[in-house]
1. How large a share of the accessible area of the chain, in percent, is made up of carbon and sulfur atoms when the probe is 1.4 Å and the other protein chains stay in place?
2. So which GluC sites (Glu not before Pro) in the chain end up in coil per DSSP with only 12 or fewer other C-beta atoms within 10 Å?
3. Could you work out the local net charge near PRO47, counting Lys and Arg as +1, Asp and Glu as -1, over the other residues with Cβ closer than 13 Å to its Cβ?
4. What size of dipole, in debye to the nearest 20, comes out for the chain about its Cα centre when the only charges are +1 on Lys and Arg C-beta atoms and -1 on Asp and Glu C-beta atoms?
5. Which whole-Hz ³J(HN,Hα) couplings does segment 49-63 yield from phi under the Karplus relation 6.51 cos²θ - 1.76 cosθ + 1.60, θ = phi - 60°, glycine and proline marked x?
6. Report the local net charge at ASP36: Lys and Arg +1, Asp and Glu -1, summed over other residues whose C-beta lies under 12 Å from its C-beta.
7. Residue by residue through segment 12-20, which ³J(HN,Hα) values in whole Hz follow from phi under the Karplus form 6.51 cos²θ - 1.76 cosθ + 1.60 (θ = phi - 60°), with glycine and proline marked x?
8. Compute the relative contact order of the chain as a whole-number percentage, counting only Cα pairs closer than 8 Å that sit 6 or more residues apart in sequence.
Amino acid sequence: MPIFAAEINGRGIVAFSQPNADDALALADDEDFRSDLMFLEGEDGRPLWDGRADIYVREADPEEPNDWTASFTEARQDGDADDAEDWVIYLVPVTEPPEDDDYDA
């Protein structure tokens with residue numbers, strides 16, 4: 001199955017496997033997928049996606065399929081993944097923003 005990447009502002013953000021380009025486009029247009037991109041933060045502390053920039057879907061660069069395959073293989077061995085179409089890896093470091101109650105007043 002081919003590996004695709006979602007790119008925002010010229011930078012590959014997410015790699016994933018889908019049967020074809022139409023399915024890859026549909027995944028990148030999925031509300032939950034886009035919500036994750038707005039919730040998760042990059043190393044600069046800003047969301048991966050601002051909700052306005054275009055998200056481009058392209059075939060993965062030569063290194064990206066290797067990263068995706070290694071991650072998926074490890075997850076399958078650990079019992080954390082079954083279906084390749086559900087496995088997504090982030091190509092950039094990501095963090096979840098802290099909860100409001102994580103701060104002491």
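The values are calculated or read from the model by the stated rules, or taken from the named source; none is laboratory data. Predicted model, so just to flag it, every value in this text is computed and none were measured. Backbone-built Cβ (ideal geometry, glycine too); neighbour counts: all protein chains shown. Protein only, heavy atoms only, side chains kept; ligands, DNA and RNA dropped before computing areas. Shrake-Rupley method; radii C 1.70, N 1.55, O 1.52, S 1.80 Å.
1. On the way: 2940 of 6950 Å².
Result for the chain: 42 percent of the exposed heavy-atom area is carbon or sulfur.
2. Working: sites: GLU7, GLU31, GLU41, GLU43, GLU59, GLU63, GLU74, GLU85, GLU99; in loops: GLU43, GLU99.
Those satisfying the criteria are GLU43, GLU99.
3. That works out to -3.
4. Working: 6 positive and 31 negative charges, 111 e Å.
Taking the Cα centre of the chain as origin, the dipole is about 540 debye.
5. Those phi angles translate into 9, 8, x, 10, 4, 5, 10, 9, 10, 9, 5, 5, 5, x, 7 Hz.
6. Numbers: positive: ARG34; negative: ASP30, GLU31, ASP32, GLU41, GLU96.
Result for the local shell: -4.
7. Each residue of segment 12-20 in turn: x, 10, 9, 10, 7, 10, 9, x, 7 Hz.
8. Values: 146 pairs, mean separation 38.5, N = 105.
It comes to 37 percent, rounded to a whole number.
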